[in-house]
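Worksheet: the structure to be examined is printed underneath.
The values are calculated or read from the model by the stated rules, or taken from the named source; none is laboratory data. Here the structure is a predicted model, which is why all the values come from computation and not from measurement. Note: ideal-geometry Cβ built from the backbone for every residue, glycine included; neighbour counts use all protein chains shown.
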Amino acid sequence: MANFTTSLIITTYKRVDALSLVLASVLKQNKMPNEVLVADDGSGKETQSLLTDFAKKCPIPFRHIWQEDKGFRLAQIRNKAIAASSSDYLIVVDGDMILHPSFVQTHLVNAQKKYFIQGSRVLLSKELTHQSIQSKQTGFSPFQAGITNRLNAVNHSFLSKILSKEKNTHVGVRGCNMAFWKEDVLQVNGFNENFQGWGREDSEFVVRLLNSGVKRKNIKGAAVAYHLYHPENKAADKLNKNDLLLQEAIKEKCVWCEKGIDQYL
């Protein structure tokens, strides 16, 4: 791709130990984005202190986008951060995803108009996560103990060309490591803020992207990020409602959500 600007958006909620490692990995990127935004779903003073310190070290523009803690509102804080971003291309990660040094660079190499990218997620065990937090480790080998999906940990341009492929479904989408064009996000009105509580907001967003003509590309061997362990927090009552919203978007072939990003533009 030719010239375009890039924003890295990091979502977080009250997990300073993980976020500190993610921010450390941002500073080790061999190609920096044009700006970094932390999309904060209601963290407190400890996170604010960490981000104040990070802002002093960060060589590029940095913004902390915060909203009051009123439960799990990931769709809303993502919309607010995307609306506040100033770039053409957006890379979105969760605040417990440590970035490979070439993470941003390889995302940009793979950027294509009218495509969104699902990057590679490497799962770290509970033990390796604890070790990483204690030692402030941000670099990992595909062969070390504590990594279960080793192929995802390989960062190699030749293998990436072989292993990466297009998909035409929302199945398996994970918003913890995605990239898309801002214009495509605005075309479908961003994330659906009717999703509250854990789950399915990523899938429904992708359903609308696909319905609007944006294609999906799964990247292997590049765009690698290491997912620190955490127990899943699934609230059944909210998840059932979110499942229904997802099924409605699929059935109705939706390309737009009513409660989306347009309210912040």
**Request:** Those residues that are hydroxyl-bearing (Ser, Thr, Tyr) and either touching a helix residue (DSSP H, G or I) at 6+ places or on another chain (Cβ under 7 Å) or crowded, with 17+ Cβ neighbours inside 10 Å (or both), I need them from the range 160-170; list them, please.
**Result:** 160, 164
**Asked** Do we find that residue 40 is surrounded by 17 or more Cβ atoms within 10 Å (Cβ to Cβ) and touching a helix residue (DSSP H, G or I) at 6+ places or on another chain (Cβ under 7 Å) in this structure?
**Response** yes
**Request:** Return only the number of the condition from (1) more than 15 Å from the chain's Cα centre (by Cα); (2) in contact (Cβ under 8 Å) with a residue 60 or more places away in the chain that residue 82 does not satisfy.
**Result:** (1)
**Prompt:** Could you give every pair whose Cβ atoms fall below 9 Å, whose first residue belongs to the range 1-28 and is free of Cβ contacts under 8 Å to residues at least 60 places away in the same chain, and whose second residue is polar (S, T, N, Q) and not in a loop (DSSP other than H, G, I, E, B), counting only separations of at least 6 or pairs across chains?
**Reply:** 14/47; 16/47; 16/49
**Prompt:** Quick check: is even one residue across the range 24-35 under 20 Å from residue 198 (Cβ atoms) and in contact with a Ser or Thr (Cβ under 6 Å, 6 or more places away or on another chain)?
**Reply:** no
**Request:** Can you confirm whether the range 112-123 contains a residue that is among the β-branched types (Val, Ile, Thr), without any contact (Cβ under 8 Å) to a residue 60 or more places away in the chain, within 27 Å of residue 20 (Cα to Cα) and in contact with a helix residue (DSSP H, G or I) (Cβ under 7 Å, 6 or more places away or on another chain)?
**Result:** no
**Of all residues making up the range 71-125, the number that are modelled with pLDDT of 95 or more, of a type outside the set (Gly, Ala, Ser) and under 25 Å from residue 208 (Cβ atoms)** = 27
**Message:** For the condition surrounded by 19 or more Cβ atoms within 10 Å (Cβ to Cβ) and free of Cβ contacts under 8 Å to residues at least 60 places away in the same chain, what is the one hit in 206, 173, 185?
**Reply:** 173
**Message:** Could you check the range 214-265 and list, in sequence order, the residues that are at pLDDT below 95 and of a type in the set (Asp, Glu)?
**Reply:** 232, 237, 243
**Residues of the range 1-57 satisfying the condition of being assigned to a helix (DSSP H, G or I) and of a type in the set (A, V, I, L, M)** = 16, 18, 19, 21, 22, 23, 24, 26, 27, 50, 51, 55
